[in-house]
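Just so you know, all these numbers are worked out from the coordinates, no wet-lab data involved. Small disclaimer: the values here were computed from a predicted structure and weren't measured. Note that we place each Cβ from the backbone using ideal geometry, even for glycine, and neighbour counts take in every protein chain shown.
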C-alpha cells in the first residue's frame, strides 16, 4: 500500500469553546453536573458515536457483569449473518423443538412441533425478547444449542469482545458462567445496527401476532424508548436479579447516530431515564459531518499495469464522517492510499485502497476504494490503437 493522492489539513469549525473539553461528559469540570454519575444507579455505562466509535461517556465500561437478555443481541447478529450468507432465509420455516417451546421467562409462546418462519422468530426475539424464539433460531443454525453457544463465543472473539463469555442464547440465569461488559455490548450491538433488515423489527412497538393455529399473542417491545423517544429506532433490554436492569439502545438525529449501553440500573425506569439523558446530551452537544459520501468520485492517479484504460473512476463504499463537539475547532486530514503494483484485469469488487480521516495522528473514519467498472486487460488490438492514436495526434 502506498500513499499517493491526497493529504488535506482541514479546519472544520472555527469557533472555540472557552472551557476545556473532556472525553467524558461526566468528567467535564463543573459544566456537566447534570450528568454526574453519582446521580445514576447503573453500575456501568457507555455512550459513543456509531459512525466513528468515538466514546463520549465511559463509566466502568470494561467491568465484567451479567447482561441478561442482551445476550440475544448476539443471537440476532448471527441470525442476520446466516441470512446474508444465504444459509438461512426470512421465509424458511423452523419446527419448534420441545426444548425451545419449554423455555421459561419472556416468550412468544411457540407451540412444540409447529413451524414458524425465521422472520416471525426474529420478530419475537427483537420485540418481546422471546427465549423460545431465540432457542429455536440457535438450534436451526447450529443443530443444537451447545454448538450455537460455541458459535456465539467464536463470533465474540472475532469481534474483539475480549471480556465476554456466553453460555446460552437467551441470557437466562443458572445455566453456567456468562458475562460481558458495556464496551463489549456496544461492539456487538453496533454490528447488529449495520444490518439494514434489523430495523424492520426493532421499530415495532406493538403487534398482535397470529400463530399458525390462529391463536393470537400480543407482542409489546421491551424497549419503551421505541414508543417514547422520538429518535430511538433500536434497542435491547435485559433483566435478572443478578444483572439488574440493562439496556442497549440507539438513536439518530440530524445524521448523528449514537449508541448507549447501561448495565445494572436499580429499576426499569432508571435505565430508560439514563439512556434518554445520554441521548439528549449527545444530540445537544455533538455533531457529525460527512466528509466524503458513499459512491462519491475520488480524484486519483491510479496506476494499473496492462490496463485497457489510462484513467479510472473510483469511489468509496461508505460515508466517511467526522464526529466532534459542536462549536469547536477541529483539524483533520483526508488521506487517500492506493495499492501498488496492480495488474489488469481487476474486478470492480476488488478493493484498490483506503480513504482515511485522520485527527491527531489517529484514524477516526475510513472506507475502501473501488473502481466503478471492471478494469480490463489491454489486448493486442487496444495496444495497436493506442500506438496509432499517439502517432497521429
**Message:** What distance in nm lies between label points placed 7 Å from Cα along the C-beta direction at residue 228 and residue 144?
**Reply:** 4.4 nm
**Prompt:** Quick one: in the chain, what % of C-alpha pairs are over 41 Å apart?
**Reply:** 26 percent
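Can you run the Rg to Rh ratio on segment 267-327? Use alpha carbon positions and the Kirkwood inverse-distance Rh.
Working: Rg = 21.0 Å, Rh = 15.5 Å.
Rounded to two decimals, Rg over Rh is 1.35.
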**Prompt:** Using alpha-carbon positions, what is the distance between the centroids of segment 218-262 and segment 72-87, in Å?
**Reply:** 20 Å
**Fill in**
So the angle from the long Cα axis of helix 145-159 to the longest Cα principal axis of the chain, reported in degrees to the nearest 10, equals 40 degrees
**Fill in**
By the C-alpha gyration tensor axes a ≥ b ≥ c (rounded if a/c is under 1.5, else prolate when a/b exceeds b/c, else oblate), the shape of segment 135-180 is oblate
**Prompt:** Per residue and in cubic angstrom, what volume does the convex hull of the Cα atoms of segment 85-140 have?
**Reply:** 64 Å³
**Item:** Gaussian network model of the chain, Cα within-10 Å springs - most flexible of 270, 182, 249
**Value:** 270
**Message:** Tell me the mean residue ellipticity at 222 nm calculated for the chain from its helices only (DSSP H runs of n ≥ 4, each -39500 (n - 2.57), averaged over every residue, nearest 500).
**Reply:** -8000 deg cm²/dmol
**Request:** Percent of Cα-Cα pairs per 5 Å bin, from 0 to the last occupied bin, for segment 185-248, please list those.
**Result:** 4, 15, 20, 22, 19, 13, 6, 2
**Prompt:** Gaussian network model of the chain, Cα springs within a sub-10 Å range: biggest mean-square fluctuation belongs to which of 320, 172, 342?
**Reply:** 342
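Using only alpha carbon pairs under 8 Å that are at least six residues apart, calculate the relative contact order of segment 40-286 and give it in whole percent.
Values: 513 pairs, mean separation 62.2, N = 247.
So the answer I get is 25 percent.
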**Prompt:** Roughly how many nanometres apart are two label points built 7 Å out from the Cα toward the Cβ at residue 325 and residue 203?
**Reply:** 3.3 nm
**Message:** Just to confirm the number: angle between the C-alpha axis of helix 182-193 and the first principal axis of the chain, 0 to 90 degrees, nearest 10?
**Reply:** 70 degrees
**Prompt:** Using a Gaussian network for the chain with springs between C-alpha atoms less than 10 Å apart, which of these wobbles most: 359, 321, 59?
**Reply:** 359
**Message:** I'd like the orientation of helix 72-84 relative to the chain: the angle between its Cα long axis and the longest Cα principal axis, in ° from 0 to 90, rounded to 10.
**Reply:** 40 degrees
